[in-house]
1. Quick check: convex hull of the Cα atoms in the protein assembly as shown, volume per residue, rounded to a whole Å³?
2. Only loop residues by DSSP count here, and only those with at most 16 other Cβ atoms within 10 Å; note down the GluC sites (Glu not before Pro) in the range B:1-69 that meet that.
3. Using modelled amide H (1.01 Å from N, peptide plane; none on Pro or chain starts), what sits under 5 Å from the amide H of C:Arg130, excluding residues fewer than 5 places away?
4. Please report the antiparallel percentage of the DSSP beta bridges confined to the protein assembly as shown, to the nearest 5.
5. Please give me, ordered by residue number, the GluC sites (Glu not before Pro) of the range C:104-154 that lie in loop per DSSP and have at most 15 other Cβ atoms within 10 Å.
6. Select from A:Gly39, C:Gly39, C:Ile121 the residue farthest towards the positive end of the dipole of the protein assembly as shown; place +1 on Cβ of Lys and Arg, -1 on Cβ of Asp and Glu, and compute about the Cα centre.
7. Using +1 on the beta carbon of Lys and Arg, -1 on that of Asp and Glu, and nothing else charged, what's the dipole of the range A:15-91 about the Cα centre, debye to 20?
8. Quick one: Karplus J couplings for the range C:145-154, per residue in order, coefficients 6.51, -1.76, 1.60, θ = phi - 60°, nearest Hz, x for Gly and Pro?
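Only the coordinates and a few stated rules stand behind these numbers; no lab work does. Values in this document were obtained by computation on a predicted structure and should not be read as measured data. Because the Cβ atoms are built from the backbone with ideal geometry, glycine has one as well, and the counts that use them run over all protein chains shown.
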Amino acid sequence: MSTVEQRLEEAGYTLPAVSKPLAAYVPTMRDGDTIYTSGQLPVVDGELAATGKVGETVSVEDAQGYARTCVLNGLAAIKAEIGDLDKIAQITKVVGFVSSAADFDEQHLVVNGASEFLGEIFGEKGTHARSAVGVAMLPMNAPVEVEMIVKVEN
Amino acid sequence: MSTVEQRLEEAGYTLPAVSKPLAAYVPTMRDGDTIYTSGQLPVVDGELAATGKVGETVSVEDAQGYARTCVLNGLAAIKAEIGDLDKIAQITKVVGFVSSAADFDEQHLVVNGASEFLGEIFGEKGTHARSAVGVAMLPMNAPVEVEMIVKVEN
Amino acid sequence: MSTVEQRLEEAGYTLPAVSKPLAAYVPTMRDGDTIYTSGQLPVVDGELAATGKVGETVSVEDAQGYARTCVLNGLAAIKAEIGDLDKIAQITKVVGFVSSAADFDEQHLVVNGASEFLGEIFGEKGTHARSAVGVAMLPMNAPVEVEMIVKVEN
């Protein structure tokens with residue numbers, strides 16, 4: 001078992017199966033040593049873990065957990081591409097889209113759920129540039145969507 | 001005529017003229033073998049093909065067509081940069097921003113209009129990582145905006 | 001003093017101190033010669049210069065200034081990474097997220113504040129591909145957020 005997966009397991013997480021793409025796109029695309037993930041939703045066992053807008057029916061704390069689930073799904077997709085998460089040299093960039101109530105302005109706290117999880121699992125290699133934005137709606141009324149750009153070892 | 005343009009023609013599409021940039025930016029910027037397009041709107045002959053939010057005054061089916069028009073405009077911009085669309089090695093990443101009614105949650109279906117079109121025209125080279133998000137508003141009240149990252153042959 | 005910083009000074013701007021990251025992420029991440037900035041808010045001396053949605057409590061003209069402040073913060077972060085802004089070979093990509101009133105559709109004018117500023121300071125090296133979108137809300141009710149991808153000299 002790879003070190004990264006061991007750390008995931010110790011933190012109480014298991015890499016999920018990769019969701020089948022819903023359309024004419026793929027979960028990850030590689031360009032040289034750079035991997036782009038598709039925007040990941042908090043899908044667990046093929047179903048969204050929750051729906052709704054943060055600040056309305058979804059709490060910040062719950063949304064942080066869903067952001068973590070998005071990351072977990074992204075890592076599963078990356079593993080399917082490169083075989084071993086220990087080959088990740090750096091998490092380069094994270095964008096977190098938060099489905100937001102009209103007056104909800106704590107998107108950064110929600111996306112911290114993704115950022116802190118990456119730091120916990122990857123250490124220095126998990127630090128990244130990041131944007132957090134609040135959007136009107138996400139596919140299937142998901143509360144959060146996370147995409148990543150990752151650098152892998154040559 | 002290039003193979004890609006032939007396929008476009010057979011599918012009933014013509015590459016449009018490249019819209020003049022509206023400001024101090026350009027339709028595409030190249031970094032090595034990677035080309036970033038600006039966010040493309042469904043402009044036809046210099047005018048938006050439609051305005052309004054999807055789920056309100058714009059139907060999903062129509063919005064899929066507008067997403068396709070965005071891609072077509074992006075391809076025209078890329079052709080202006082590299083001369084021949086056959087030099088595209090891979091469509092790497094697509095982000096689709098869908099101007100959404102407050103309760104509209106089928107952004108993925110709208111952006112399928114872009115993804116499936118790329119698959120139809122480029123085959124394997126057209127598969128890509130993708131994010132679909134619902135936004136509050138887009139420039140000039142456009143219903144959809146699509147940006148692409150594309151890898152070209154060295 | 002570098003040429004770019006001289007131009008900034010002549011235009012009346014001073015590079016700010018780099019804001020401490022608010023969480024488990026960093027202001028910039030480098031992948032080879034490419035630097036990704038985190039989404040920058042219009043923070044001045046550690047506080048947001050303004051809050052609110054454009055088209056509601058924030059005017060287009062003011063928002064253009066805030067977009068410029070976002071860019072200035074991004075440049076400060078890049079300087080902290082590479083030491084000298086003259087090493088920037090090209091501003092490759094800019095994404096501007098504009099917190100928008102329900103009927104506000106001039107996001108492109110707001111983000112022109114960022115694009116034109118980059119052109120003014122960097123000349124040809126400042127032209128870039130760009131997306132401008134209107135979002136529901138931004139962290140801490142900021143009116144605008146700008147992220148950049150920048151190419152640096154090898």
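1. Normalising the Cα hull of the protein assembly as shown by residue number yields 128 Å³.
2. In loop regions of the range B:1-69 (DSSP not H, G, I, E or B), the sparsely surrounded GluC sites (Glu not before Pro) are B:Glu56.
3. B:Val26, B:Ser38, B:Gly39, C:Val94
4. 70 percent
5. Those satisfying the criteria are C:Glu153.
6. Checked the options; the winner is C:Ile121.
7. Here the range A:15-91 has a charge dipole of around 120 debye.
8. Karplus values, whole Hz, x for Gly and Pro: 9, 10, 10, 9, 10, 10, 9, 10, 4, 5.
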